[in-house]
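> Please see the structure below; I have some questions.
Taken together, the values in this text are just the output of simple stated rules run on the coordinates, not laboratory data. Since the model is a prediction, treat every value here as computed from it, not as a measurement. Note that we place each Cβ from the backbone using ideal geometry, even for glycine, and neighbour counts take in every protein chain shown.
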Amino acid sequence: MFTKTETNLKVHITSRHEKLTAGLKSHIEDKIARVERYLGQVKEAHVILNFEKKVHLCEVTLVSKNLKLSAKSSSRDMYQSIDSALQRLETQAQKQKDKRVGRHRQEGGREASSVVHGVIHNPLEAETVKVVRSKTHAVKPMSVEEAALQLAASRDEFLVFSNAETDHTNVVYKRKDNHIGLIEPEY
């Protein structure tokens with residue numbers, strides 16, 4: 001039995017029918033640290049390693065602040081069993097984190113289904129179209145290259161500017177293929 005106390009993390013490793021090596025200990029600790037990225041601080045980790053009839057079995061239980069996760073795996077190699085079990089825990093932890101993050105994002109100012117990038121649905125017959133948000137932009141005279149550089153450096157999706165060469169209002173926008181598009185109106 002091995003117990004490690006580091007930053008309030010207790011790792012209990014029990015090995016049955018096989019000797020627990022230092023390599024196995026460090027391998028387990030490294031893999032548990034990867035799962036901590038998704039769960040935050042893990043309070044306890046219980047790892048049971050078992051060897052029965054040429055099969056290596058690994059059972060892992062992690063306890064964090066508000067969550068308890070567990071996974072089992074078996075194979076002909078102990079390292080492979082450990083990797084598989086902790087990969088399953090990492091997947092579970094990532095799903096839990098995505099649920100938490102998604103819930104907080106939905107509680108924000110707008111509804112989750114109100115904005116979908118690239119898709120504008122036609123209003124139903126009884127539904128009226130209304131402007132929900134209005135924003136003014138200062139239209140500065142600049143070249144297309146300057147506008148593209150300014151847009152690339154910003155977090156905005158588009159930039160409205162006055163083309164210095166044509167003296168018309170133009171728009172540069174970020175495309176999904178990581179290039180920049182230009183909209184020039186015809187007069």
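> Quick one: Karplus J couplings for region 79-87, per residue in order, coefficients 6.51, -1.76, 1.60, θ = phi - 60°, nearest Hz, x for Gly and Pro?
My calculation for region 79-87 gives 4, 5, 5, 5, 4, 5, 5, 6, 5 Hz in order.
> State, to one decimal in nm, how far the label point of Glu184 lies from the label point of Thr166, with both points 7 Å from Cα in the Cβ direction.
Distance between label points: 0.4 nm.
> Below 8 Å, C-alpha to C-alpha, sequence gap of six or more: please give me the relative contact order for region 2-105 in percent.
23 percent
> Something else now. Modelled label-to-label distance, Val139 and Gln94, 7 Å Cα→beta-carbon offset: nm?
Placing both labels 7 Å beyond Cα along the Cβ direction yields 4.7 nm.
> Exposure proxy check: Tyr173, Tyr38, Tyr187 ranked by fewest other beta carbons within 10 Å?
Working: Tyr173 15, Tyr38 20, Tyr187 5.
Fewest-to-most ranking of Tyr173, Tyr38, Tyr187: Tyr187, Tyr173, Tyr38.
> Additional query: Just in region 130-187: which trypsin sites (Lys or Arg not before Pro) are loop by DSSP and have at most 12 other Cβ atoms within 10 Å? It would help to have the intermediate numbers written out before the result.
Working: sites: Lys130, Arg133, Lys135, Arg155, Lys174, Arg175, Lys176; in loops: Lys130, Arg133, Lys135, Arg155, Arg175, Lys176.
In loop regions of region 130-187 (DSSP not H, G, I, E or B), the sparsely surrounded trypsin sites (Lys or Arg not before Pro) are Lys130, Arg133, Lys135, Arg155, Arg175, Lys176.
> Which percent, to the nearest 5, of DSSP beta bridges fully inside region 141-183 are antiparallel? Don't skip to the answer; put the middle values down first.
Numbers: 9 of 11 bridges.
Bridges in region 141-183 that DSSP calls antiparallel: roughly 80 percent.
> Follow-up. Within region 14-49, name every residue whose backbone N is under 15 Å away from a label modeled 7 Å from Cα of Lys72 along the Cβ vector.
Under cut-off, by backbone N: 47-49.
> With a 10 Å Cβ neighbour count serving as the proxy for reagent exposure, in which order, fewest first, do Val63, Val42, Val11, Val132 appear?
The order, fewest Cβ neighbours first, is Val132, Val63, Val11, Val42.
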